[in-house]
Amino acid sequence: MKAQPWSVWEQRWKTTLSAIENRGGEVSDLTIKPSVSIEPITLLEQELGIKLPPSLIRVLTEYSSEVQVSWSLPDEANRPASLPPEFDRIFRGNFYWSLDQLSDIERSRRGWQEAVFPNPHDSYDFVWHHKLAFMEVDNGDFIAFDLSEPDDYPVVYLSHDSGDGHGYRLGDNFIDFVDRCTLIGCVGPEEWQLMPFMDSPMSGIDPHCEYALKWRSWLTHSK
């Protein structure tokens, strides 16, 4: 029987949190809530007036309705001496999804679109349209599904302040996005932390690129 894609996620999260602690960083408790039935998802779809992506529905109903993974490296004055200089901008990981929070996050994105990025004919504004946000970045950016593409909706980055990663594709769908993130220890979600793991705006996070391999080697290597 083929293993489910999320069968390896929990172990990857635990390995990352343990490695961060070993490097002198701080971690929060890993939260993995139970899955849900289709009923609350249907109600949310009615509230938002859209259909949720199939890969997201699959995770919510077969694995977990909410996951929270959070860690941080020591501040600049106390960064590990062994940290290679190319990782200076990596300072934390804050990764989550939540069915209960999705409505508020999407409504926040819609507020930005309506107030700041209303023109679908403007190339920058256009990226904010036809999206469904599921993760809000502390700096005001969002991670969202691109509803303008058919089938299972890729995951993209939305910058509110002309960031270089605006519109970058992070994963081909929700499951692919989560899988890629777990392989880099859920770095981010700020764009400046994620972009070194991507070769181009359409490449997605590459957990097997040279940068990712070096980061993973440093993180998990014993002190």
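Values in this text are rule-based calculations from the coordinates and carry no lab data. Since the model is a prediction, treat every value here as computed from it, not as a measurement. Glycine gets a Cβ as well: all are built from the backbone with ideal geometry, and neighbour counts include every protein chain shown.
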Subtracting the Cα-Cα distance from 0.36 nm times the residue separation, let me have the gained length for Asp100 to Leu147 in nm, one decimal.
14.9 nm
Please find the FRET efficiency linking Val8 to Ser200, where r is the Cβ-Cβ separation and R0 is fixed at 30 Å, and quote it to the nearest 0.05.
0.70
So what's the net charge close to Pro154: Lys and Arg +1, Asp and Glu -1, counting the other residues with Cβ under 14 Å from its Cβ?
-4
Correct semi-axes for segment 67-223, from √(5λ) of the alpha-carbon gyration tensor and rounded to whole Å with the largest first, are 28, 16, 15
How high is the FRET efficiency between Thr31 and Ser123 when r is their beta carbon distance and R₀ equals 35 Å, given to the nearest 0.05?
0.35
Scoring the chain by relative contact order with C-alpha pairs under 8 Å, at least six apart, yields a percentage of 18
Let me check the size of segment 157-223 from its C-alpha atoms; what are the radius of gyration and Dmax in Å?
12.1, 39
Quick one, could you list the DSSP H helices from the chain stretching 18 Å or more along their long axis (Cα atoms) with average Kyte-Doolittle hydropathy of -0.5 or above?
none
Along the Cα-to-C-beta direction of Ser82, a point sits 7 Å from the Cα; which residues of segment 19-37 have their amide N less than 15 Å from that point?
19-25
Alpha-carbon centroids, segment 19-73 and segment 100-125: separation in whole Å:
22
Which FRET efficiency, nearest 0.05, do Glu62 and Trp192 yield, Cβ-Cβ r, R0 25 Å?
0.15
